[in-house]
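Q: Structure incoming, see below.
The values are calculated or read from the model by the stated rules, or taken from the named source; none is laboratory data. In this text the structure is predicted, and so the values were computed from the model without any measurement. Cβ: placed from backbone, ideal geometry, glycine included. Neighbour counts: every protein chain shown.
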Amino acid sequence: MDTIFALATAQGKAGVAVVRISGPRAFAVAEEFCDLPPAREARVRSLNAPGSGFLDRALVLVFPEGESFTGEPVVEFHLHGSRAVIQAVLRALGQVAGARMAEPGEFTRRALENGRLDLTQVEALADLIDAETEAQRVQAVRVLEGRLSGVVDGWRADLIRAAALLEAVIDFADEEVPEDVSPEVEELLEGVGGSMRRELSGFESAERIRDGFEVAIVGAPNVGKSTLLNMLAGREAAITSDVAGTTRDVIEVRMDLDGLPVTLLDTAGLRDTDDLVEGLGIERARKRAVAADLRIVLLAPGQTHDLPLWDGDIRLRAKVDRDDGQRNGISGKTGFGVERLLEKLTETLSKRVANSGLIIRERQRAALEEAVVGLDRAGRLVEFGPDRYDLAAEELRNAIRRLESLIGRIDVETLLDEIFASFCLGK
């Protein structure tokens, strides 16, 4: 493979910038700039560009093959993080024969190809880099540490065992098999299927942690929606006015609510109107409100609404500027009731993510659902007895392939090894 290099830290001025070199010629390329320290020992070195002189004083780290992020020989230059230094070093590296600039994501792709990460960990790494809240960070770290991989490995081992039992009966039908394998196969399929379904049931909550919740603020015109949005956001995110119909489009504000990612939606006031532009805004407001995860409905005295509401939706009396003895009032102007609203939102959304699973991407969900379908078919076929074991085994192989697409780690040899190890056939 080519030897590649790139800036591994963020673009722009910083205290430290890390340039990573990875590939079979990483050590040779780095030695064009300085003497390398012993493996995994940091040393300060003067970097000199071949033929053009001094570049920077840098901390140099060397990782031997098999002990780096990519699994290849890797050298890191920890530079002073000015734009000029970074560009000078990258330009000099580009002039060394046998080295080229890395493509987007190429370091991580090499980590995958070299078995340092599986597919789910690669996706979790991307989620960790994009994490904005504590809940997103925790969720990404769980998968990056291999929690999902470990669960899938357990499912895979049980499915391989079940397939091996069926294959043994098929391949040695003319010889005496020690015992009826169907009870053990059925037990394995029931256990794995139940565990998979529990994981799928937590997908929606996990997806919401990753992508964030949408909370729509809805109500009639001039009821205080934009003022409340500004109070919750802590800034003037929306224009406020006494003129009804000021908000024409949906205004979005991203916020961190006790570690949960939440997008607040300020929508156009709901009313009948002959104004074409306002009418379009109202129609969009209705659609976004219905699609949101939660709705905050502001109502002035005597007002009603025709929006469908679900469990957890919050109805509040609008423009209650002071405590009048009722707990369901709020004022974006004075802040009355805002703290209680935030507590309610946090409580409601926290309950929804309490049972979140490790499956957090649509690709993972689809693969797992297909595996469950294969297990169900295999279970029904096993009930018919040995005459259908060949079909059941094929369904199990399909389920195993779905797991392969999930983590990218299974092969035919694993199944063969299990068959021979389990039955000591000596053939």
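Q: Which condition breaks for Arg380 when tested against (1) more than 29 Å from Leu119 (Cα to Cα); (2) buried (at least 20 other Cβ atoms within 10 Å of the Cβ)?
A: Result: Arg380 fails condition (2) only.
Q: What pairs can you find where one residue is in region 296-307 and not assigned by TED's automatic domain parsing to the domain that holds Leu265, the other is at pLDDT below 65 and β-branched (Val, Ile, Thr), and their Cβ atoms are less than 6 Å apart, with a gap of 6+ or different chains?
A: Going by the 6 Å Cβ cut-off, there are no qualifying pairs.
Q: With within 21 Å of Arg116 (Cβ to Cβ), in contact with a Lys or Arg (Cβ under 9 Å, 6 or more places away or on another chain), surrounded by 15 or more Cβ atoms within 10 Å (Cβ to Cβ) and in the same structural domain as Arg100 (by TED's automatic domain parsing) as the only criterion, which of Leu7, Leu47 stands out?
A: Leu7
Q: Scan region 61-95 for residues that are small (Gly, Ala, Ser) and part of a loop (DSSP other than H, G, I, E, B) and jot them down.
A: Gly66, Ser68, Gly71, Gly81, Ser82
Q: Scan Ala111, Ala97 and give me the residue that is farther than 18 Å from Gly12 by Cα, aliphatic (A, V, I, L, M), modelled with pLDDT under 90 and under 24 Å from the mean Cα position of the chain (by Cα).
A: Ala111
Q: Mind telling me which of the residues Thr120, Thr133 ends up being outside the structural domain of Gly66 (by TED's automatic domain parsing), touching a strand residue (DSSP E or B) at 6+ places or on another chain (Cβ under 8 Å) and touching a residue at least 24 places away in the same chain (Cβ under 8 Å)?
A: Testing whether each residue is outside the structural domain of Gly66 (by TED's automatic domain parsing), touching a strand residue (DSSP E or B) at 6+ places or on another chain (Cβ under 8 Å) and touching a residue at least 24 places away in the same chain (Cβ under 8 Å) leaves just Thr133.
Q: Additional query: Before we move on, is Leu345 in a strand (DSSP E or B) and either modelled with pLDDT under 85 or more than 30 Å from Glu395 (Cβ to Cβ) (or both)?
A: For Leu345, the condition - in a strand (DSSP E or B) and either modelled with pLDDT under 85 or more than 30 Å from Glu395 (Cβ to Cβ) (or both) - is not met.
Q: Next question. Name the pairs whose Cβ atoms lie under 8 Å apart, with the first residue in region 1-21 and within 16 Å of Leu61 (Cβ to Cβ) and part of a loop (DSSP other than H, G, I, E, B), the second basic (Lys, Arg) and at pLDDT 90 or above, and 6 or more positions between them or separate chains?
A: If the second residue must be basic (Lys, Arg) and at pLDDT 90 or above, the pairs left are Ala8/Arg20.
Q: Here's another thing I want to ask about it. Which one of Val215, Val250 is farther than 20 Å from Leu128 by Cβ, of a type outside the set (Ser, Thr, Tyr) and at pLDDT 85 or above?
A: When all the criteria are applied, what remains is Val215.
Q: Consider region 324-340. How many of its residues are without any contact (Cβ under 8 Å) to a residue 60 or more places away in the chain and either surrounded by 15 or more Cβ atoms within 10 Å (Cβ to Cβ) or assigned to a helix (DSSP H, G or I) (or both)?
A: 5
Q: Same structure, new question: Across region 14-44, which residue is nearest to His78 (Cα to Cα) among those that are surrounded by fewer than 18 Cβ atoms within 10 Å (Cβ to Cβ) and within 29 Å of the chain's Cα centre (by Cα)?
A: Result: Val16.
Q: Being in a loop (DSSP other than H, G, I, E, B) and modelled with pLDDT of 65 or more narrows it down to one residue among Pro301, Pro261; which is it?
A: Pro301
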